[in-house]
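Data block below; observations after.
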Number of protein chains: 2
Amino acid sequence: MKPVREHNLGLVLRRVAEQGPRSRATLALETGLNKSTVSSLVADLIDAGLLRDSPVEERPARVGRPPQSVELDPDGPFVLGLEINVDYLAVWATDLAGEVRHRSFVTNDNRATSPPDVIALLARMAEEALEQPFAGSRHPMLATVAVPGLVDRAGELAVAPNLGWVGVPVARLLNEALEDPPYAVRVENEANLGAVAELVEGAGRGLSDFVYISGEIGIGAGVVLRGELFRGASGFAGEFGHLTIDPFGPPCGCGGRGCLERLAGQDTLLRLAGWDARMRCEGARPEWPGAMLADSARAGHARTLEALSQVGHTLGIGIASLANLLDPEAVLLGGYLAPLSQWLRVPIEGELETRALAGRGMRCRVLPARLGGEAAVRGAVALSRQAALEEAAALPTA
Amino acid sequence: MKPVREHNLGLVLRRVAEQGPRSRATLALETGLNKSTVSSLVADLIDAGLLRDSPVEERPARVGRPPQSVELDPDGPFVLGLEINVDYLAVWATDLAGEVRHRSFVTNDNRATSPPDVIALLARMAEEALEQPFAGSRHPMLATVAVPGLVDRAGELAVAPNLGWVGVPVARLLNEALEDPPYAVRVENEANLGAVAELVEGAGRGLSDFVYISGEIGIGAGVVLRGELFRGASGFAGEFGHLTIDPFGPPCGCGGRGCLERLAGQDTLLRLAGWDARMRCEGARPEWPGAMLADSARAGHARTLEALSQVGHTLGIGIASLANLLDPEAVLLGGYLAPLSQWLRVPIEGELETRALAGRGMRCRVLPARLGGEAAVRGAVALSRQAALEEAAALPTA
DNA sequence: GCAATTAGTTGGGGCTATCAACAAACTAGC
DNA sequence: GCTAGTTTGTTGATAGCCCCAACTAATTGC
């Protein structure tokens with residue numbers, strides 16, 4: 001296929017996928033292409049089974065022939081988002097419009113299970129998704145797996161500290177467990193996918209440069225630059241939790257000293273607030289620490305408030321360094337940090353004010369993330385979806 | 001002009017500009033375009049005065065018709081790179097191939113001169129460049145001004161601490177001083193331009209993600225991501241010198257505490273090595289501290305070596321944070337740090353080893369920059385040149 | 001019911017890349 | 001020295017794709 005045609009097909013398809021049903025006329029206006037060109041492109045996309053005539057009425061003007069909207073064909077391709085976390089597995093399926101068609105969630109202590117067994121279980125869940133009625137006899141186009149660890153550019157999980165996994169070729173194992181599926185499998189870091197999710201449907205919508213800070217058991221970050229996920233040269237960008245805050249501070253599991261994660265991570269925060277960190281394990285629900293500390297803060301417990309202030313200042317120092325280096329529009333507080341952001345915000349902004357250089361009124365904003373514990377899976381499907389939309393435009397050739 | 005033609009013209013033009021003279025046949029091979037398409041494109045570019053037939057012989061095969069190389073027309077467009085630094089002004093002119101056609105350098109205490117006067121002087125230098133024989137009756141296509149301070153996206157110099165300038169609209173003033181020149185003027189931070197220069201013709205050649213650390217009176221950085229300069233949302237990315245190293249350290253001029261620049265900047269390094277920081281002013285030459293400390297280190301002075309080690313460790317902590325966040329392929333030590341890199345490298349790499357997470361063998365490299373004090377002007381012309389090449393491809397319309 | 005208005009389709013035209021054939025220019029070997 | 005072989009560059013024909021203008025379709029307002 002000629003690259004120009006492919007480009008224009010992608011332009012139209014993405015527009016409909018991201019902005020919803022619309023008429024050929026509005027598409028022509030929005031893309032700058034000619035009416036007749038758009039008609040031809042839309043016809044191709046309908047033939048390819050990607051779009052269909054939509055019943056949705058669009059009425060921009062009071063007189064004239066009513067427009068005929070087109071929308072994504074709900075029987076068109078779909079994609080998968082998978083997640084391996086410390087104590088659960090999740091699988092979501094969406095169509096190209098991002099409409100969720102299936103979701104499953106299974107709690108499992110993945111630390112106590114061998115990587116191949118965890119992946120076999122995840123493969124079963126993915127296969128079950130394909131047996132649902134919505135799937136019909138179709139295959140998904142792509143699957144993305146969210147994992148809580150460092151993923152190299154080849155898709156191998158180099159290390160996942162909280163899972164106790166080292167050097168697990170997740171993509172390969174999953175491909176084997178699925179017996180060579182007719183769709184590609186990619187693996188991506190959980191925080192990176194959280195950032196993608198917030199970019200697509202969360203607090204990062206409309207932003208082009210931001211950092212999503214993921215407070216799980218560790219502290220990670222996903223970096224979005226110029227509207228795209230930034231992975232770094234070897235895929236390890238966003239290790240925000242291991243920024244040095246105090247060079248001679250307490251040793252961290254990573255081998256360094258005074259890492260942000262060690263000084264302001266979940267365990268430290270709970271300890272400062274007066275809870276025994278071991279209680280975390282009993283909670284089972286990953287949202288536990290955030291919700292509980294928020295309750296405690298709302299109740300006005302001085303020790304909790306004090307702990308949040310201290311952790312906020314520490315986080316603020318790290319965020320200020322990040323802001324000096326990258327000058328983002330915003331920093332999103334995700335994971336257990338999101339429900340605590342109303343208390344963290346003041347100390348963080350204080351540190352930003354004193355430590356970060358920036359233009360007047362251009363200061364980096366501090367916002368709570370919106371997608372909670374679902375951020376990683378949502379990001380996984382979203383990334384699959386983005387890639388599938390690129391690919392689908394090249395497809396009408398076949 | 002049809003965007004496809006424009007794109008292909010740009011493809012061919014950039015190829016010749018960056019890779020040197022080559023035949024139509026090799027261009028066809030390299031771009032993937034058809035032989036006849038390339039011939040047509042080249043003909044257009046020759047008509048536009050951008051390319052010309054080259055005497056350079058290319059002999060890839062032993063038999064067959066000898067290829068006819070084309071090269072950039074030396075009488076074609078040229079661009080300017082200007083620099084305002086603390087104690088000098090510089091102007092370079094290059095053709096689109098990057099060949100330097102003119103350079104001028106004037107020492108001037110710009111702290112003691114009012115911004116409009118400094119810019120008037122710079123404008124005079126730029127006008128003189130255009131009176132040189134190489135310019136003929138042509139105008140340059142673009143000029144880029146390197147300044148030692150924060151430049152916002154509108155091209156206004158928000159603050160230049162070492163110059164004592166605040167809120168100077170450099171681009172506007174220069175345009176006025178030049179009485180509406182027929183070429184565009186852009187303004188860019190000195191460290192950013194240093195990074196561009198190292199990317200194009202220095203230690204960053206072939207790299208796609210790196211950070212250039214510019215040790216001048218302050219410490220700045222230019223961030224190159226995916227082969228392009230990254231400016232951040234408001235243009236202030238790369239303020240590496242104000243990363244917090246020690247949250248309760250000594251106060252810094254920026255309002256923060258324990259900034260990298262305060263703990264490992266030029267003044268601190270000189271003081272630790274036993275020199276009075278005020279001596280700096282007498283040196284006049286900007287290369288002074290690097291060259292002198294290198295001499296002292298080579299002579300084996302214990303105090304100098306000790307100071308370099310300490311500063312190296314401090315820098316290493318900052319670089320490790322940077323590496324955790326961005327995962328670059330390399331960090332380039334520029335400015336006065338370049339000649340000292342053989343002593344700084346060991347402590348920096350030590351800190352990277354303990355504090356930066358990264359894959360085995362994928363560790364961020366630490367390299368000396370290659371372009372010394374010329375990095376900023378070289379980057380200024382290089383950036384002008386890049387932009388001019390984009391623009392020139394759209395030009396044959398006229 | 002008719003003018004006005006907006007949406008979508010159809011056929012013609014022009015631009016551009018591609019292809020195939022050919023001309024040009026050189027080497028190698030007899 | 002001449003011819004076969006090889007590589008480069010050009011030329012004319014071809015096909016694809018976008019654009020334009022004219023036309024049809026469908027609705028509102030008077």
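The values are calculated or read from the model by the stated rules, or taken from the named source; none is laboratory data. Predicted model, so just to flag it, every value in this text is computed and none were measured. Note that we place each Cβ from the backbone using ideal geometry, even for glycine, and neighbour counts take in every protein chain shown. What goes into the accessible areas is simple: the full protein's heavy atoms, side chains included, and nothing from ligands, DNA or RNA. Shrake-Rupley method; radii C 1.70, N 1.55, O 1.52, S 1.80 Å.
Being within 22 Å of B:Ile319 (Cβ to Cβ) and either in contact with a helix residue (DSSP H, G or I) (Cβ under 9 Å, 6 or more places away or on another chain) or more than 14 Å from chain B (Cβ to nearest Cβ) (or both) holds for only one residue in A:Ala302, A:Ala338, A:Ala320, A:Ala307, and it is A:Ala320. Go through the stretch B:33-55 and count every residue that is within 10 Å of DNA strand C (Cβ to nearest atom) and either open to solvent by less than 50 Å² (accessible area, probe 1.4 Å) or without any contact (Cβ under 8 Å) to a residue 60 or more places away in the chain (or both). The total comes to 9.
This table checks each residue for (1) closer than 30 Å to B:Asp53 by Cβ; (2) in contact with a Phe, Trp or Tyr (Cβ under 9 Å, 6 or more places away or on another chain); (3) of a type in the set (S, T, N, Q); (4) not assigned by TED's automatic domain parsing to the domain that holds B:Val12.
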{"site": "B:Glu83", "(1), (2), (3), (4)": "no, yes, no, yes"}
{"site": "B:Tyr88", "(1), (2), (3), (4)": "no, yes, no, yes"}
{"site": "B:Val100", "(1), (2), (3), (4)": "yes, yes, no, yes"}
{"site": "B:Ser114", "(1), (2), (3), (4)": "no, no, yes, yes"}
{"site": "B:Ile119", "(1), (2), (3), (4)": "no, no, no, yes"}
{"site": "B:Arg124", "(1), (2), (3), (4)": "no, no, no, yes"}
{"site": "B:Phe134", "(1), (2), (3), (4)": "yes, yes, no, yes"}
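Say we look at the stretch A:242-254 and pick out the residues that are facing another protein chain (nearest Cβ under 7 Å) and more than 28 Å from the chain's Cα centre (by Cα); which of these is least open to solvent (accessible area, probe 1.4 Å)?
Taking the stretch A:242-254 and keeping what is facing another protein chain (nearest Cβ under 7 Å), we get A:242-247, A:254.
Among the residues that remain, those that are also more than 28 Å from the chain's Cα centre (by Cα) are: A:246-247.
Working: A:Asp246: 55, A:Pro247: 10 Å².
Step by step, filter the stretch A:242-254, then rank; the result is A:Pro247.
Output the residues belonging to the stretch A:9-37 that are within 13 Å of DNA strand D (Cβ to nearest atom) and in contact with a Ser or Thr (Cβ under 7 Å, 6 or more places away or on another chain). Once the filter is applied, which keeps residues that are within 13 Å of DNA strand D (Cβ to nearest atom) and in contact with a Ser or Thr (Cβ under 7 Å, 6 or more places away or on another chain), the stretch A:9-37 yields A:Leu11, A:Val12, A:Ser23, A:Arg24. The set of residues in the stretch B:1-32 being outside any loop (DSSP other than H, G, I, E, B), within 14 Å of another protein chain (Cβ to nearest Cβ) and either open to solvent by less than 70 Å² (accessible area, probe 1.4 Å) or near DNA strand C (Cβ under 8 Å from one of its atoms) (or both) consists of B:Val4, B:Arg5, B:Glu6, B:His7, B:Asn8, B:Leu11, B:Thr31.
In the stretch B:355-370 there is no residue matching the filter, namely being within 14 Å of chain A (Cβ to nearest Cβ), open to solvent by 50 Å² or more (accessible area, probe 1.4 Å), of a type outside the set (D, E, K, R) and in a helix (DSSP H, G or I).
Quick one: in the stretch B:139-154, which of the residues that are under 30 Å from B:Asp75 (Cα atoms) and not hydroxyl-bearing (Ser, Thr, Tyr) is nearest to the other protein chains (Cβ to nearest Cβ)?
Keep residues of the stretch B:139-154 that are under 30 Å from B:Asp75 (Cα atoms), which gives B:139-147.
Subsequent filtering for residues that are not hydroxyl-bearing (Ser, Thr, Tyr) retains B:139-143, B:145-147.
On the way: B:His139: 32, B:Pro140: 29, B:Met141: 26, B:Leu142: 23, B:Ala143: 24, B:Val145: 19, B:Ala146: 19, B:Val147: 15 Å.
Per the criteria, the residue is B:Val147.
I'm trying to understand the selection: among the residues of the stretch A:323-334, which are outside any helix (DSSP H, G or I) and either within 12 Å of chain B (Cβ to nearest Cβ) or at pLDDT below 95 (or both)? Result: A:Asp327, A:Pro328, A:Glu329, A:Ala330, A:Val331.
Sort out for me the strands (runs of 3 or more DSSP E) sitting completely within the stretch A:84-199 that have 3 or more residues that are surrounded by 22 or more Cβ atoms within 10 Å (Cβ to Cβ). Can you show your working first?
On the way: elements: A:88-95, A:100-107, A:142-147, A:157-160, A:165-168, A:184-189.
Result: A:88-95, A:142-147, A:184-189.
Considering (1) within 11 Å of DNA strand D (Cβ to nearest atom); (2) within 14 Å of chain A (Cβ to nearest Cβ), the lone condition that B:Ile46 does not fulfil carries the number (2). Of all residues in the stretch A:239-277, those being more than 15 Å from A:Tyr336 (Cα to Cα) and in a loop (DSSP other than H, G, I, E, B) number 17.
Look through A:Arg271, A:Arg257 and report the one residue that is more than 26 Å from the chain's Cα centre (by Cα), more than 7 Å from chain B (Cβ to nearest Cβ) and closer than 28 Å to B:Val223 by Cα.
Working: A:Arg271 fails: closer than 28 Å to B:Val223 by Cα.
The conditions single out A:Arg257.
When the residues of the stretch A:56-83 are filtered to those that are surrounded by fewer than 23 Cβ atoms within 10 Å (Cβ to Cβ) and more than 13 Å from DNA strand C (Cβ to nearest atom), the one that is nearest to A:Leu27 (Cα to Cα) is A:Asp73. Of the candidates A:Val223, A:Val211, the single residue that is outside any loop (DSSP other than H, G, I, E, B), modelled with pLDDT of 90 or more and at the interface with another protein chain (Cβ under 8 Å from one of its Cβ atoms) is A:Val223.
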